[in-house]
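To start, the structure under review is shown below, and the notes come after it.
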Amino acid sequence: MPNWLQEFLYVLALSKKTQASLFFGFFFFFGIQVLGAHMTSGIRLELFGPEATSAIADAIAQRYDKLAWIGLGTFLVLAYKCYKKDRSKLW
């Protein structure tokens, strides 16, 4: 195993904040994706036709998708910052 990989895994194993931010990042990513799919699956607009309803549902689903990616990115940046901080403490 390369030396840098051992160092990475060692710091990751000891850094609880990094582990928590990675967990929450992936948890919220998949949670927002599932929530968005659930919320947009039941959209029925009687006033508009089915084509407009599906277009509106797709637009709302894209917003949920963007929100999920932003949440994942934010938690990954937080994990990187915590990793760097804990790495400098350990080494």
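The values are calculated or read from the model by the stated rules, or taken from the named source; none is laboratory data. None of these values were measured; they are calculated from a predicted model. Here the Cβ is made from the backbone with ideal geometry for all residues, glycine too, and neighbour counts use every protein chain on show. To get the accessible areas, we keep the full protein, side chains included, count just its heavy atoms, and leave off ligands, DNA and RNA. Shrake-Rupley method; radii C 1.70, N 1.55, O 1.52, S 1.80 Å.
The single residue among PHE23, PHE8 that is free of Cβ contacts under 8 Å to residues at least 12 places away in the same chain, open to solvent by less than 90 Å² (accessible area, probe 1.4 Å) and aromatic (Phe, Trp, Tyr) turns out to be PHE8.
Being part of a helix (DSSP H, G or I), surrounded by 10 or more Cβ atoms within 10 Å (Cβ to Cβ) and of a type outside the set (Gly, Ala, Ser) is the filter; apply it to region 45-59 and report the residue that is nearest to the chain's Cα centre (by Cα).
Narrowing region 45-59 to residues part of a helix (DSSP H, G or I): 50-59.
Next, from what is left, pick out any that are surrounded by 10 or more Cβ atoms within 10 Å (Cβ to Cβ): 52-59.
The next check asks that each one be of a type outside the set (Gly, Ala, Ser); those that pass are 53, 56, 58.
Numbers: THR53: 27, ILE56: 24, ASP58: 20 Å.
That would be ASP58.
Would you call LEU35 in contact with a Phe, Trp or Tyr (Cβ under 9 Å, 6 or more places away or on another chain) and open to solvent by less than 50 Å² (accessible area, probe 1.4 Å)?
Values: in contact with a Phe, Trp or Tyr (Cβ under 9 Å, 6 or more places away or on another chain): yes; open to solvent by less than 50 Å² (accessible area, probe 1.4 Å): no.
When the stated conditions are applied, LEU35 does not pass them.
Entry remark, region 5-40: residues being among the hydroxyl-bearing types (Ser, Thr, Tyr) and under 18 Å from ASP65 (Cα atoms) number 1 in total.
Within this structure, ILE70 passes the test of being part of a helix (DSSP H, G or I), free of Cβ contacts under 8 Å to residues at least 24 places away in the same chain and either of a type in the set (D, E, K, R) or within 23 Å of LYS17 (Cα to Cα) (or both). Among the conditions (1) surrounded by 13 or more Cβ atoms within 10 Å (Cβ to Cβ); (2) modelled with pLDDT under 95; (3) in contact with a helix residue (DSSP H, G or I) (Cβ under 9 Å, 6 or more places away or on another chain), the only one that ALA68 does not satisfy is (2).
Given the structure, is LYS17 surrounded by fewer than 14 Cβ atoms within 10 Å (Cβ to Cβ), in a helix (DSSP H, G or I) and either touching a Phe, Trp or Tyr at 6+ places or on another chain (Cβ under 7 Å) or among the basic types (Lys, Arg) (or both)? So LYS17 does not fit the description; no.
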